Structure formats: structure tokens, C-alpha cells
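Note sheet for the following structure.
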Amino acid sequence: MKTRGIILTVFVLVLCFGFFESLFAQEMKIELSKDYGIKEVLTGYTGKRVAIRLDAGEELEGIVTSVGDHLVHISKLSKRDFYDAVIRIDKIDAVIIRVRSN
């Protein structure tokens, strides 16, 4: 009898957690202007994790630390411990941004 009450309580907690998680899950919206380029997109995501696809096909993922006129500094590269990257903005084909979570 006591075990049944514990199982029921755990089940209710799991349902409540799933319900409240979906309430608070936020989906970021990407708003672009006709004047936006790669530099402006990266500047908007300073301090956030992004993936960058270079014109050579390589993809780097990390945190946008700073954006200059011609270069962007990406820190904490994924799968490359102890490394950062400085990338020429004109060599970037795409900025890939995670906008929703499970």
C-alpha cells in the first residue's frame, strides 16, 4: 500500500515537471533586417553558443566572444579543449543558432 502511494506520487511529479517545463521552454526568434550581414548576426549573439560554417566546409562551434570589423573571436570550441578561434568574417558562409530545446 505504501509502495503504491510512492509510485503514484512519483508519477504525478513527473507529469507536473513535464507540464511546467513546456510552459517555460522558450523559443528564440531570429529577427533580421535587410541591412544585416554575418557581422551583425554574430554581434547579436555575443556571449552565446553558435556554430559557424566556413566557406571551406568546416564547421566550428563555440561561444561568440567578440566581433570586430573583419574578425570574430570564438571561445570554448566544442570537441577542441583548450582552443579558441579567430575567424575572418568574409570566410563565414553560415551562422547556425540553436533556437529551441526539447
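Tabulated results
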{"read-out": "Residue under evaluation LYS34, criteria (1) loosely packed, with under 12 Cβ neighbours inside 10 Å; (2) charged (D, E, K, R); (3) in contact with a helix residue (DSSP H, G or I) (Cβ under 8 Å, 6 or more places away or on another chain), criterion not met", "value": "(3)"}
{"read-out": "Complete set of residues in the stretch 72-102 that are of a type in the set (A, V, I, L, M, F, W, C) and within 13 Å of ILE52 (Cα to Cα)", "value": "VAL72, ILE74, LEU77, ALA85, VAL86, ILE87, ILE89, ILE92, ALA94, VAL95, ILE96, ILE97"}
{"read-out": "Considering residues of the stretch 37-67 that are small (Gly, Ala, Ser) and under 16 Å from LYS91 (Cα atoms) only, the residue surrounded by the most Cβ atoms within 10 Å (Cβ to Cβ)", "value": "ALA51"}
{"read-out": "Tabulated pairs, the stretch 87-102, first in contact (Cβ under 8 Å) with a residue 40 or more places away in the chain and part of a loop (DSSP other than H, G, I, E, B), second of a type in the set (Asp, Glu) and surrounded by fewer than 11 Cβ atoms within 10 Å (Cβ to Cβ), C-beta under 9 angstrom, 6+ apart or interchain", "value": "VAL99/GLU27; ARG100/GLU27; SER101/GLU27"}
{"read-out": "Unmet requirement for GLU31, which otherwise passes all of (1) modelled with pLDDT under 90; (2) within 21 Å of SER101 (Cα to Cα); (3) assigned to a helix (DSSP H, G or I)", "value": "(3)"}
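The values are calculated or read from the model by the stated rules, or taken from the named source; none is laboratory data. This structure is a prediction, so every number in the text was calculated from the model and none was measured. No Cβ is skipped: glycine too gets one built from the backbone with ideal geometry, and neighbour counts run over all protein chains shown.
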